[in-house]
Amino acid sequence: MTVTTPTLYDVDYVDWIAETVARLKAKDFASLDLENLIEEMESLGRSERHALSSQWIRVVKHLLKLEAQPQATDYHNSWVSSILDGVREITELVEVSPSLKNYLRSNEVKWYQKSRQEASIETRLPQAQFPESCPYDVLDLIAGNYPESLRYFFVIE
């Protein structure tokens, strides 16, 4: 049976980061823990994409709920607040990593189905009551261009 000695990465992640940064700054590439460094770099990209998808789904779900349940006035402020927060988060993600716009565009159809499903569950309305395809362009929302049907909620003049 082979016993492996735990690495710094396994024992103290924060210390491993500090050590890796110090080695990179010193251009000491030979002593880098490349396996874990590569894994962490890949993980960073996945985290950013996951954050983008989560925010997009949340924004669209609440937009759908606003339009589907105009009589649910007790929830409107919460939904609008959630939409604005999600749009802000998406804006920040895309500003830091503009390539995420391409990722967003290539996943909108898939994400919309999740938004539609969640909106259906949360409103107890059949999915068929929601549009088949996404009626919103989240990148337009970032620019402040809300659909005419929703401008009232966002007090857009």
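The values are calculated or read from the model by the stated rules, or taken from the named source; none is laboratory data. From a predicted model like this one, the values you see are computed outputs, not experimental measurements. Cβ placement follows ideal geometry from the backbone for every residue including glycine, while neighbour counts extend to all protein chains displayed. Protein only, heavy atoms only, side chains kept; ligands, DNA and RNA dropped before computing areas. Shrake-Rupley method; radii C 1.70, N 1.55, O 1.52, S 1.80 Å.
If the only charges are +1 at each Lys and Arg Cβ and -1 at each Asp and Glu Cβ, what is the size of the charge dipole of the chain around the Cα centre, to the nearest 20 debye? Present the calculation step by step, with values, prior to reporting the outcome.
On the way: 16 positive and 25 negative charges, 112 e Å.
The calculation lands at about 540 debye.
Relative to the present Cα-Cα distance, how much length would full extension add between Val11 and Ala26 at 0.36 nm per residue of separation? Walk me through the numbers before you get to the answer.
Working: separation 15, 0.36 × 15 = 5.40 nm, distance 2.30 nm.
Extra length from Val11 to Ala26 when fully extended: 3.1 nm.
Partner lysines whose Cα lies under 30 Å from the Cα of Lys65, excluding those fewer than 8 positions away in the same chain, are identified as Lys101, Lys110, Lys114.
Each label point was placed 7 Å from the Cα along the Cα-to-Cβ direction; for Asp85 and Gln129 their separation is 2.5 nm.
Leaving out ligands, DNA and RNA, what percent of the accessible area of the chain is carbon and sulfur, probe 1.4 Å? Carbon and sulfur: 53 percent of the exposed surface of the chain. Taking θ as phi - 60° and the Karplus parameters 6.51, -1.76 and 1.60, the scalar couplings of the range 33-50 work out to 7, 4, 4, 6, 5, 4, 4, 5, 5, 5, 5, 4, x, 5, 5, 5, 5, 5 Hz in sequence order, x denoting glycine and proline.
Taking the helices alone, the chain has a mean residue ellipticity at 222 nm of -22500 deg cm²/dmol, built from -39,500 (n - 2.57) per DSSP H run of at least 4 residues and averaged over all its residues. Would you mind calculating the gained length between Leu34 and Lys110 on full extension (0.36 nm times residue separation, minus the Cα-Cα distance), in nm to one decimal? Net length gain for the segment: 24.0 nm.
With no solvent and one point per C-alpha, what does the Debye sum give as log10 I(q)/I(0) for the chain at q = 0.11, 0.12, 0.15 Å⁻¹? So the normalised log intensities work out to -0.59, -0.65, -0.82.
Across the chain, Cα pairs under 8 Å and at least six residues apart give a relative contact order of 23 percent.
Can you pull out the trypsin sites (Lys or Arg not before Pro) in the range 19-92 whose DSSP state is coil and whose Cβ has at most 13 other Cβ atoms within 10 Å? Walk me through the numbers on the way to the answer.
On the way: sites: Arg23, Lys25, Lys27, Arg46, Arg49, Arg58, Lys61, Lys65, Arg88; in loops: Lys27.
Here the sparse-neighbourhood loop sites are Lys27.
Around Ser82, with a cut-off of 15 angstrom between Cβ atoms, what is the net charge of the other residues, counting Lys and Arg +1 and Asp and Glu -1? The partial results should precede the final answer.
Values: positive: Arg58, Lys61, Lys65, Arg88; negative: Glu67, Asp74, Asp85, Glu89, Glu118, Glu122.
Charge balance near Ser82 sits at -2.
In this simple spin-label model, placing a label point 7 Å from the Cα along the Cα-to-Cβ direction at both Ile142 and Ser43 gives a separation of 2.7 nm.
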